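Peer 1: My questions will all concern the structure given below.
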Ligand code: GLN
């Protein structure tokens, strides 16, 4: 039977609860347990798919096509367990399900209330879709004290009772701020946040205390005393040089032992050599390369969380540090790209939406193509690469994307239907914006002898998608004549999935998001290959 570990956060947001549960999940895995991670998000959007990346960071897409919180990316990167639709829910989804049931008459005339109807729906979700997992690590988004998260806190409180101590455990992630004038780490905010949690009926079993320096013994004892936890259950979670060191430090501080003791379990010691190797590579690189990421949301790196991580993984594969140079593409609409791109070893145009900055991205593609700088286009970055080739090499001056309104030559256009596993999925210009993209894992067939099949070492791949528009296959001949090959297609041979320019050191555009499937201990081949090309480029300079 699965045991549940609930993570809550206190004092401030951004304490890295997602990372904490991912890292603990990984340690438990290496002790022989099967884990699954999920997140309950208190905001009212039905999913983060329609939220601006500036507000919420990246939208992480699962194989089965859910648009989810970026913490699910941490979960996958640390545990390699593929997340599912059933691993992320929001207040919006819970309420819309409950309201739909009410409209169907499922409640037989009852008055629908937060307790028990909303909390029941949350519990159903938290407990649902569990098979043979030993542990479900379940994070509640937000910070204790938020009005939005109250029903979730109440639901996990009820679960604590229903599952009993042998079935549920509560870990509270909190902050000990350092006050320079006093020269001390302060415990009061933690005490207040635990009081708030206790007021909601939850006694934490473990406090995971974020701090920027060692927590003195006296402070640990004080926290234990005032927060009603054992001294051993006050676990320091200090800042580290690489996030991939976190599983190692948690084990050293005894977090996994607390979990096993709580549930009365014994298990072999963990084998953390995988993480030791990753940390060794990340902290002691033998060289460095600089990659320009030319995008729109460059002011907030969380908007491209998985991308930044995947590039780091590419560095791990090549034993180099990857410096990321985030450039807002709009600058190329005012200034010469040369000034910004001359010194970089690779250029990447990531996923994106809308017309703003698109011409700047096209300029970046042109620079990479003409100067033989390795170019990696992801989703929108592939679409803009196709437009660039069409305009400047195939002589199709009016080439554009219908995403920006009508254009003379629709190199990129809205596709209204496609096939997945033999079933046709449809959409139209009038469909809702939420949840209507081509989403989730789709297979692609790669052309033999192509660069892309060499990179993957196979001809059939499956990668995750999130887009409304597609490269228009009717222009294939024109693009081929101009030197750009469509080297990957949907299994029915209709939709272009990969383009490449064979006569260039490394120029690949992909319609999917490979960054979502890269792992630190198993870097994605496209990122390994792209960084290898950047290393070559750096050597040539
Ligand atoms: N805006 C483009 C589309 O919808 C690309 C999306 C993306 O890059 N994820 O097709």
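Peer 1: In the range 435-474, which residues are part of a helix (DSSP H, G or I) and away from the ligand (no atom under 16 Å from the Cβ)?
Peer 2: The initial filter retains those residues of the range 435-474 that are part of a helix (DSSP H, G or I), namely 451-456, 473-474.
Once the filter is applied, which keeps residues that are part of a helix (DSSP H, G or I) and away from the ligand (no atom under 16 Å from the Cβ), the range 435-474 yields 451, 452, 453, 454, 455, 456, 474.
Peer 1: Can you run down the residue pairs with Cβ atoms below 8 Å, 6 or more apart or on separate chains, where the first is in the range 451-474 and touching a residue at least 24 places away in the same chain (Cβ under 8 Å) and under 15 Å from residue 379 (Cα atoms) and the partner is assigned to a helix (DSSP H, G or I) and near the ligand (Cβ under 9 Å from one of its atoms)?
Peer 2: As it stands, the answer is 467/380; 468/403; 469/383; 469/403; 471/382; 471/383, since those pairs meet every condition given.
Peer 1: Please determine, by comparing only the residues of the range 384-417 that are under 19 Å from residue 503 (Cβ atoms) and out of contact with any strand residue (DSSP E or B) (no Cβ under 6 Å at 6 or more places or on another chain), which one is nearest to the ligand (Cβ to nearest atom).
Peer 2: Per the stated criteria, the residue is 388.
Peer 1: Another question, if that's okay. Looking only at residues in the range 17-62 that are modelled with pLDDT under 90, touching a strand residue (DSSP E or B) at 6+ places or on another chain (Cβ under 9 Å) and in a helix (DSSP H, G or I), which one is farthest from residue 516 (Cα to Cα)?
Peer 2: The extreme case among them is 50.
Peer 1: Here is a further query. Please enumerate the residues belonging to the range 416-434 that are assigned to a loop (DSSP other than H, G, I, E, B) and either at pLDDT 65 or above or out of contact with any helix residue (DSSP H, G or I) (no Cβ under 8 Å at 6 or more places or on another chain) (or both).
Peer 2: 416, 421, 422, 427, 428, 429, 430, 431, 432
Peer 1: Let me ask another. Yes or no: the range 493-514 includes at least one residue that is in contact with a helix residue (DSSP H, G or I) (Cβ under 9 Å, 6 or more places away or on another chain), closer than 30 Å to residue 93 by Cβ and more than 16 Å from the ligand (Cβ to nearest atom).
Peer 2: Scanning the range 493-514, I find no residue that is in contact with a helix residue (DSSP H, G or I) (Cβ under 9 Å, 6 or more places away or on another chain), closer than 30 Å to residue 93 by Cβ and more than 16 Å from the ligand (Cβ to nearest atom), so the answer is no.
Peer 1: Can I ask one more? Evaluate the following for residue 133: is it surrounded by fewer than 20 Cβ atoms within 10 Å (Cβ to Cβ) and modelled with pLDDT of 95 or more?
Peer 2: For residue 133, the condition - surrounded by fewer than 20 Cβ atoms within 10 Å (Cβ to Cβ) and modelled with pLDDT of 95 or more - is met.
Peer 1: Taking the range 246-289, which residues are touching a residue at least 60 places away in the same chain (Cβ under 8 Å), more than 14 Å from residue 315 (Cβ to Cβ), outside any helix (DSSP H, G or I) and touching a helix residue (DSSP H, G or I) at 6+ places or on another chain (Cβ under 7 Å)?
Peer 2: Residues satisfying the conditions are 267, 270, 271, 272.
Peer 1: Quick one: which of 321, 257 is surrounded by fewer than 20 Cβ atoms within 10 Å (Cβ to Cβ) and under 25 Å from residue 173 (Cβ atoms)?
Peer 2: Matching residue, one of 321, 257: 257.
Peer 1: If you scan the range 475-494, which residues turn out to be in a helix (DSSP H, G or I), free of Cβ contacts under 8 Å to residues at least 40 places away in the same chain and under 16 Å from residue 415 (Cβ atoms)?
Peer 2: Within the range 475-494, 476 is the sole residue that qualifies.
The values are calculated or read from the model by the stated rules, or taken from the named source; none is laboratory data. Keep in mind that this is a model prediction, so the values were computed, not measured. Here the Cβ is made from the backbone with ideal geometry for all residues, glycine too, and neighbour counts use every protein chain on show.
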